[in-house]
Every structure is written in C-alpha cells, then in structure tokens.
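Asker: Following this message is one structure expressed as structure tokens.
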Amino acid sequence: MDQGAAAIWAAGIGVGGVVITAGMGWYAARKAAAAQMKAAQETAAAQVEAALAGVREQISGQHQAALWQVRREAYATYLGQIQAVYMGILHLTSLCMVAIDHLGGVPGEPPNLAEPRQQLLDRFTDLYFRESALHLAVDEAEAEQAEALRRLAGRAVEDVGDLVEAIYTHHNVGPPQDASEISREELARGIKEWAANARSKLRMTD
C-alpha cells in the first residue's frame with residue numbers, strides 16, 4: 001500500500017472512530033435523559049399520590065368529625081329529654097306527697113295534680129321522638145340501650161300516675177307509693193349508666 005492509500009485509510013478510520021464515539025455518546029446521553037425522565041415521572045407520581053393521600057386523610061378526618069358531632073348531639077338531646085322526664089316525675093311525686101299529707105288531715109288546699117301529670121306525659125311522648133332521632137346516629141346495641149332506658153322511664157311514669165289515681169280515689173296510697181319509689185330509683189340508675197356509656201363511646205371515637 002502506498003503512502004497515499006495509507007493516509008486515506010487512516011483518515012477513514014479516524015472519521016469512523018469519531019462517528020462511533022459520537023454515536024455512543026448520543027446513545028448514552030439519550031439513555032441518561034430517559035432515566036432522568038423516568039425518575040422525574042416517578043417522583044412526580046409519588047408527590048401526586050402523597051398529595052392525594054393527604055386530601056383523602058383530610059376528607060376522612062372531616063367525615064369522622066362530622067359523624068362524631070352528629071352522635072354527640074343525638075346523645076345530648078336524648079339525655080336532656082330523659083332528664084326532663086325524670087325531673088317531671090320528681091316534681092309530680094313531690095306534689096303527691098303534699099296531697100297525701102292533705103288526705104291525712106293537713107289543712108289547706110290540695111295541689112293540682114292533673115296539670116303536672118299531663119306535662120309529664122307530654123315530656124315522655126317527646127322522648128319517643130328523641131329516641132327515633134338517636135337511632136339514626138348510633139349502632140344497634142346503643143339503640144337497644146336507649147330503648148331499655150325509655151322503658152324504665154315509661155314504668156316510672158306509669159307508677160307515679162298510679163299514685164295520682166290512688167290519691168284522687170282515696171285508695172290506699174302505700175303500694176303505689178312504694179312502686180313509684182322503686183321505679184324512680186331504677187330510672188335514676190339507668191340514666192347514670194347510660195350517660196357513662198355515652199361518654200365512653202364519645203371518647204373512643206374522639
């Protein structure tokens with residue numbers, strides 16, 4: 001091979017090497033860019049998922065807070081009404097005691113028992129509506145507990161009513177008075193237990 005041909009081959013090889021080197025560099029750069037793009041996409045996806053998770057957690061927290069508030073209001077309303085019934089029973093009972101004293105010869109006019117008795121019956125009727133609203137906010141077990149408490153209240157209302165009837169008819173007031181005292185005390189214990197359970201439930205979901 002003469003010197004001219006050798007120079008041409010050398011030049012060709014040099015150019016080829018440059019092209020190959022450039023090609024390899026372009027391929028490596030493209031591969032690195034693809035890797036960077038993939039990493040950026042993964043990072044962006046992770047950031048989006050984290051943001052969505054935060055939003056979901058916030059919505060869930062708001063939902064739980066709303067449910068807690070509904071439950072709390074239902075508890076408070078029902079408890080307030082059952083306490084109103086209990087106070088009505090106490091009020092009517094105290095008037096019955098005055099009326100019983102009057103039957104025993106104490107001078108003065110006997111108290112009017114008809115009006116406070118009707119007020120007590122109205123309060124007990126309202127308790128049914130409060131219980132229905134409570135059922136929408138609590139589970140089945142709590143609904144049954146509320147129903148049991150309402151039955152205790154109903155028995156106490158009936159017993160003090162029987163006492164009123166005994167006074168009006170001048171019958172022996174001893175048995176209905178004893179029955180009324182027993183059912184009234186049972187209702188007081190039931191209210192205390194139910195209120196304690198309600199507080200416990202609210203703390204668990206707080």
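Asker: Look at Val70 and say whether it is free of Cβ contacts under 8 Å to residues at least 24 places away in the same chain and either of a type in the set (S, T, N, Q) or open to solvent by 40 Å² or more (accessible area, probe 1.4 Å) (or both).
Answerer: Working: free of Cβ contacts under 8 Å to residues at least 24 places away in the same chain: no; either of a type in the set (S, T, N, Q) or open to solvent by 40 Å² or more (accessible area, probe 1.4 Å) (or both): yes.
Spelling it out, it is not the case that Val70 is free of Cβ contacts under 8 Å to residues at least 24 places away in the same chain and either of a type in the set (S, T, N, Q) or open to solvent by 40 Å² or more (accessible area, probe 1.4 Å) (or both).
Asker: For residues that are open to solvent by less than 70 Å² (accessible area, probe 1.4 Å), in a helix (DSSP H, G or I), among the hydrophobic types (A, V, I, L, M, F, W, C) and at pLDDT 90 or above, tally how many sit in segment 165-206.
Answerer: Within segment 165-206, residues that are open to solvent by less than 70 Å² (accessible area, probe 1.4 Å), in a helix (DSSP H, G or I), among the hydrophobic types (A, V, I, L, M, F, W, C) and at pLDDT 90 or above number 9.
Asker: Picking from Ala141, Ala146, Ala137, which residue would you name as being open to solvent by less than 60 Å² (accessible area, probe 1.4 Å), more than 18 Å from Pro176 (Cα to Cα) and at pLDDT 90 or above?
Answerer: Details: Ala141 fails: at pLDDT 90 or above; Ala137 fails: at pLDDT 90 or above.
Testing whether each residue is open to solvent by less than 60 Å² (accessible area, probe 1.4 Å), more than 18 Å from Pro176 (Cα to Cα) and at pLDDT 90 or above leaves just Ala146.
Asker: Out of curiosity, is Gly80 of a type outside the set (A, V, I, L, M), loosely packed, with under 13 Cβ neighbours inside 10 Å and part of a helix (DSSP H, G or I)? Reasoning before the result, please.
Answerer: Working: of a type outside the set (A, V, I, L, M): yes; loosely packed, with under 13 Cβ neighbours inside 10 Å: yes; part of a helix (DSSP H, G or I): yes.
Considered against the rule, which asks whether it is of a type outside the set (A, V, I, L, M), loosely packed, with under 13 Cβ neighbours inside 10 Å and part of a helix (DSSP H, G or I), Gly80 comes out as yes.
Asker: In the list Leu113, Leu187, which residue meets the criterion of being closer than 28 Å to Ala76 by Cβ and of a type in the set (A, V, I, L, M, F, W, C)? Walk me through how you get there before you give the answer.
Answerer: Details: Leu113 fails: closer than 28 Å to Ala76 by Cβ.
None of the others qualify; the one that does is Leu187.
Asker: Here are some conditions: (1) part of a helix (DSSP H, G or I); (2) under 34 Å from the mean Cα position of the chain (by Cα). Ala137 meets all but one. Which one does it not meet?
Answerer: (1)
Asker: Is it fair to say Gly108 is closer than 26 Å to Leu163 by Cβ, at pLDDT below 85 and open to solvent by less than 60 Å² (accessible area, probe 1.4 Å)?
Answerer: Working: closer than 26 Å to Leu163 by Cβ: yes; at pLDDT below 85: yes; open to solvent by less than 60 Å² (accessible area, probe 1.4 Å): yes.
So Gly108 fits the description; yes.
Asker: Note down all Cβ pairs under 8 Å where the first residue falls in segment 145-172 and is polar (S, T, N, Q), the second is open to solvent by less than 40 Å² (accessible area, probe 1.4 Å), and they're at least six residues apart or on different chains.
Answerer: Between residues of segment 145-172 that are polar (S, T, N, Q) and residues that are open to solvent by less than 40 Å² (accessible area, probe 1.4 Å), the close pairs are Gln145/Trp194; Asn172/Ala166.
Asker: If you don't mind, there's one more thing I want to ask. Looking at segment 179-203 only, could you name the residues that are under 18 Å from Ala148 (Cα atoms), of a type in the set (A, V, I, L, M) and free of Cβ contacts under 8 Å to residues at least 40 places away in the same chain?
Answerer: Ile182, Ala196, listed by residue number.
The values are calculated or read from the model by the stated rules, or taken from the named source; none is laboratory data. Computed from a predicted model, the values in this text were never measured in an experiment. Methodologically, a virtual Cβ is constructed for each residue, glycine included, from the backbone with ideal geometry; neighbour enumeration extends over all protein chains shown. Note: accessible area is taken over every heavy atom of the protein model, side chains too, but ligands, DNA and RNA are not part of it. Shrake-Rupley method; radii C 1.70, N 1.55, O 1.52, S 1.80 Å.
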